[in-house]
Amino acid sequence: MAATDTPVTRYPAPNASVHTPPALHPTGASLAPLCALALALWGPAALAGDAPESRVAWEEPVEVARGEAFRGPWRMNASDFRYVDDASVAINDHGDALVVWADQAQQALFLQRYDRDGRAVFERPTRIGGVPGTFSWLPRVAVEPAPDDADAFDVHLLWQEILFTGGDHGGEILYARSRDGGRSFEGHQNLSRSRDGAGKGRITAQRWDNGSLDLLLTTTGEVVAAWTEYQGPLRVTYSADHGASFAEPVTVNPDNSVPARAPTLAQAPSGRVLLAWSEGDSPYADIRIAHSNNLDAGFSEPATALEHPGHADAPTLVVDAEGVVHLAFGAIPANDLEDYRQPHFRRLHVSRADAGSLDFAPPTRLDADQWPGGFPTLARDDRCLYLVWQRYPHPTDRPWGLAFTHAPLKSARFGPVEAVPGTLDTLYSGGLQGQLKRRMAVNRHGAIAIAQSRFIPASHSDILLIRGQIEEDRCHPNPSR
């Protein structure tokens with residue numbers, strides 16, 4: 001496609017709220033028949049109107065970006081893809097929310113920053129340069145939690161670049177840094193330099209998820225990056241100079257006969273860095289874990305965090321100020337493994353452990369049968385745990401909306417599940433390139449920021465920023481429970 005023919009993506013004016021036209025499915029017909037079918041098959045709770053009463057003061061969703069809704073056949077980097085996708089988010093203690101996404105038509109990443117009042121900070125989104133002529137997918141963004149300068153702080157980006165360097169699968173892990181709060185970025189660094197499809201999290205030899213990577217900014221300023229490759233290795237590297245340079249990657253699972261997928265990073269108050277992941281090529285996948293007390297010395301031998309009787313996938317970790325590790329993941333029971341690859345059959349489970357022993361309690365399944373799915377994101381503030389996941393209401397690959405719940409940190413007992421506003425409006429809500437992403441961030445004051453991609457066939461694609469705050473006293477433990 002010539003430069004003059006590149007479709008133009010519309011970026012909304014600051015503080016623009018979302019306007020959603022009638023949702024369409026691929027034939028261009030109304031979604032009303034689909035909604036009627038959902039009501040018949042899954043009951044009233046399949047629709048947004050029957051969601052529990054909200055425990056969150058949600059703000060009106062903000063449209064961050066809008067593009068076309070066209071996806072041609074896969075022809076590697078020559079594919080005719082024209083849509084915005086792959087939203088991810090971070091938030092600092094000043095209330096600045098940073099949203100990063102992929103513009104498929106321009107084969108680039110963009111970032112916009114919003115202040116605590118919901119106003120866009122930059123007149124135009126910042127373009128992050130990858131390799132020209134290649135797709136940039138499924139980014140992660142990390143920021144200093146409480147920067148000294150509210151307008152000039154470091155922003156770190158990690159993403160999967162679809163580079164083909166001699167192997168059967170394309171993918172490299174690129175990193176870029178901003179020193180001015182996201183207004184501009186330095187040149188990217190290739191952290192993986194692999195021929196084996198970095199960023200691919202394999203379920204089977206024929207099926208995988210892109211975006212199998214994670215990014216952590218430690219309390220002492222190290223930048224830690226983890227990713228998996230198609231053949232199964234799990235790699236980690238880190239920067240001791242705030243992202244200026246990175247150490248040579250280490251392989252956490254040297255015996256990668258069981259492929260690793262979906263890594264997640266967290267840090268304990270002691271400084272210990274935790275790395276969890278799930279397994280591929282098996283319907284009986286468990287959650288694995290390793291730790292590092294000194295990044296110079298690498299990571300411990302992998303251990304099984306949870307031995308699930310069925311299929312456990314896509315973990316997410318946070319560690320609270322008391323050193324308690326909180327873990328969430330999607331799982332399919334052992335008696336329902338006919339197609340363990342389908343997220344519709346997964347239900348959300350949670351567990352916790354001490355960060356020193358890493359001896360996890362038996363997992364608890366959430367009371368959320370009307371919200372099947374997986375690919376969760378777990379976050380916390382000083383009092384609460386927050387959990388969001390991608391909903392798959394029927395046994396296909398098409399996601400439909402985000403589910404949200406929260407719990408007091410002390411009890412970790414999650415309450416009623418509700419829909420995240422603006423995410424149940426269309427059948428294609430959640431992204432087309434993959435579901436391994438960080439959808440939610442929460443600062444220490446309990447300000448919630450959620451980023452979601454939507455694809456409305458025959459209409460448009462867009463990126464939403466949805467902000468909220470838990471109502472007062474919702475996270476104080478109730479002694480009667």
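Bear in mind these aren't lab numbers, they're just calculated from the coordinates by the rules spelled out. Please read these numbers as outputs of a predicted model, since none were measured by experiment. Backbone-built Cβ (ideal geometry, glycine too); neighbour counts: all protein chains shown.
From the backbone phi of region 114-123, what are the Karplus-calculated ³J(HN,Hα) couplings (6.51 cos²θ - 1.76 cosθ + 1.60, θ = phi - 60°) in whole Hz, Gly and Pro given as x?
10, 7, 5, 8, x, 8, 5, 7, 9, 4
Could you sort the peptides 296-308, 102-114 by per-residue average Cβ neighbour count (10 Å cutoff), highest mean leading?
102-114, 296-308
If I take all pairs of Cα atoms in region 219-299, what percentage of them are more than 16 Å from each other? Walk me through the numbers before you get to the answer.
Numbers: 1629 of 3240 pairs.
Every Cα pair in region 219-299 considered, those over 16 Å come to 50 percent.
At a 10 Å Cβ-Cβ cut-off, how would you order Cys475, Cys384, fewest neighbours first?
With the fewest neighbours first, Cys475, Cys384 line up as Cys384, Cys475.
Express the relative contact order of the chain as a whole percentage, based on alpha carbon pairs under 8 Å and six or more residues apart in sequence.
15 percent
Would you mind ranking Asp286, Asp313, Asp367, Asp255 so that the residue whose beta carbon has the fewest other beta carbons within 10 Å leads the list?
With the fewest neighbours first, Asp286, Asp313, Asp367, Asp255 line up as Asp255, Asp367, Asp286, Asp313.
Can you tell me how much longer the chain between Glu248 and Gln342 gets when fully stretched, taken as 0.36 nm per residue apart minus their C-alpha distance, in nm with one decimal? Walk me through the intermediate numbers first.
Working: separation 94, 0.36 × 94 = 33.84 nm, distance 3.59 nm.
Difference between extended and current length: 30.3 nm.
Taking only the alpha carbons of the chain, what extent do you get along each of the three principal axes, in Å, biggest first?
The Cα atoms of the chain stretch 54, 53, 47 Å along their principal axes.
How charged is the neighbourhood of Glu307? Take every other residue with its Cβ under 15 Å from the Cβ of Glu307, and add Lys/Arg as +1 and Asp/Glu as -1.
Counting the neighbours of Glu307, the net charge comes to -3.
Under 5 Å between amide hydrogens, which residues at least 5 positions from Ala105 or on another chain qualify, with H placed 1.01 Å from N in the peptide plane?
Long-range HN contacts for Ala105: Tyr83.
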